[in-house]
Amino acid sequence: MSYLSELALQFIDGEWREGSGSWDIVDVDPYTGEKIASITVATVDEVDQAYRAAALAQQEWAATNPYTRRLVFERALRILEDREQEITRDIMTELGGTAVKAWFELSLTKDMLREAMQLSLRAEGRLLPSPVDGKENRLYRLPVGVVGVISPFNFPLFLSMKAVAPALALGNGVVLKPHQETPVVGGTLIAKIFEEAGLPAGLLNVVITDIAEIGDAFIEHPLPKVISFTGSDKVGRHVATVAASHFKRTVLELGGNSALIVLDDADLDYAVDAAVFSRFVHQGQVCMAANRVLVDRSVAEEFTRRFVAKVATLKVGDPRDPATHIGPLINPVQADALSAQVDQAIAGGATALLRGTTVGSLMDPVVLGDLPADAPILRRELFGPVVLLVPFDGEDEAVRIANDTPFGLSGAVHTADVERGVRVARRIETGMIHVNDGTIADEPVVPFGGEKNSGVGRLNGDSTVDAFTTVKWISIQHGRSRFPF
């Protein structure tokens, strides 16, 4: 069974229904180009209905025993595990994910549901002392009320669930707007899972629409107190600006331009493996992907030989083929735009150490070397199978090059000396960095987020509690206060 046609609907106030807009979003298989489904867009009125349903249902949900709330996430996890094969096929079809990518995304999603079970019990209050005799200070950790979630197309199931499940677990209502390229896997599939898991109607709503239809209504609506957005830094800046003008909090998980640094004492074969995975998993459409591989000049020639040889073995093609490493980009427009950037870099002096063709949404892997220090491509996020090899002389230059970007999300350092790796890692301006590993990692209890243009705020663990709750101070005066008049 496939959910892709069954769930091509809006989900508002516990009802599956058609949108009432005047045009359709067409869901397309990025590999074949074939139409999967058409979904009539939700209007501003339907966005309003979704937020009002979430706000109404949230009041009773927040008062529900957290141990009872936790049962919903236990059931959701079992449903996800039972439907893993069907969901894997839908990931392959709707977003062009390979078998490895689908497994990776499902693993992360299951971990997030397990964390949501614990988050149901983690909104703890505090008692604080007072300088006033007889006064008791209580701090209550309360849900914010309603959270608006805008999710991306690259890891749509996981990155939607990363905000939706914790927000619900902490007692909030949620309205989710998935990316229009992945409306089912990133949106209505999640609604279906929670519906079957027994989540009360109205708490989670999914609106499939576009800014061309609703403008900024999703952000500007008066009911959501927090907007969680994952996507590009350009759109994230707009989301932040609109939200701030309405006094809303934001959690922004934005783009990256991560560097994987190979020091002169690194295990080269291991560093090659880490770099290849960090760049080419899901066709490089990962915010944490290693756009740049920085290699100490003393080992650069040997590393490059091994790296290019391994990349050349990666199979490009049908994501349903278990042997495929690199499937399609999300659409031909993205593939053509990235190819144009490669052409510009080569025209500017870069050398193509490996380059094939781009046909439709399929793009063969590209390895570029000999890049001029001022090449614009070095400072951009490359959302596709293109990697830049950059030599350096010593740690200081490695740090300078790694930090020479407006982004600061992830990174990695490879070395035989762990403490040396940590010293270098501490100097890299990123929210996350990994010693002797890849650049792509996300664990449910470790704060996830970036610096600079890579985002604002953190998610996971206690950071998620901070993001989706508010603190209320209630003081109690035992005895009588003395007032000056």
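We did not get these values from a lab; they are worked out from the coordinates using the rules stated. None of the values given here were measured: they were computed from a predicted structure. Quick reminder, even Gly has a Cβ in these numbers, built from the backbone with ideal geometry, and neighbours come from all protein chains shown.
I need the peptides 97-109, 314-326 ranked by packing, meaning the mean over residues of other C-beta atoms within 10 angstrom, with the highest value on top.
Packing proxy ranking, top to bottom: 97-109, 314-326.
Helix 332-347 sits at what angle to the longest principal axis of the chain, using alpha carbons and giving 0 to 90 degrees rounded to 10?
50
Remind me, relative contact order of the chain in percent, using alpha carbon pairs under 8 angstrom and six or more residues apart? Mind showing how you got there, number by number?
Working: 1130 pairs, mean separation 86.2, N = 485.
Computed value for the chain: 18 percent relative contact order.
If you average 1/r over every pair of different alpha-carbon atoms in the chain and take one over that average, what Kirkwood value in Å do you get? If you can, show how the numbers build up before the last one.
Details: mean 1/r = 0.0425 Å⁻¹.
About 23.5 Å, per the Kirkwood formula over Cα pairs.
If I model a spin label at residue 393 and residue 351 as a point 7 Å from the Cα along the Cα→Cβ vector, what separation in nanometres do I get?
With each label placed 7 Å out from Cα toward Cβ, I get 1.8 nm.
Past 29 Å, Cα to Cα, is the threshold; run 310/452; 177/310; 162/248; 35/315 against it and keep the listed order. Walk me through the intermediate numbers first.
Details: 310/452 33 Å; 177/310 39 Å; 162/248 20 Å; 35/315 25 Å.
Flagged as over cut-off: 310/452; 177/310.
Given +1 on the Cβ of Lys and Arg, -1 on the Cβ of Asp and Glu, and no further charges, what dipole in debye does region 258-435 carry about its Cα centre, rounded to the nearest 20?
The dipole magnitude comes to about 420 debye.
Using only Cα atoms, find the angle between the long axis of helix 156-169 and the longest principal axis of the chain, and express it within 0 to 90 degrees, rounded to the nearest 10.
With rounding to tens, the tilt is 20 degrees.
Among 31, 143, 53, which residue has its Cα positioned farthest towards the positive end of the charge dipole of region 9-159, with +1 placed on the Cβ of Lys and Arg, -1 on the Cβ of Asp and Glu, and the dipole taken about the Cα centre?
143
On a straight-distance basis, which lysines could pair with residue 135 in a cross-link, Cα separation under 23 angstrom, same-chain partners fewer than 8 positions away excluded?
472
How far is helix 394-403 tilted, in degrees, relative to the longest principal axis of the Cα atoms in the chain, given as a value from 0 to 90 rounded to the nearest 10?
Taking Cα atoms only, the helix is inclined about 50 degrees.
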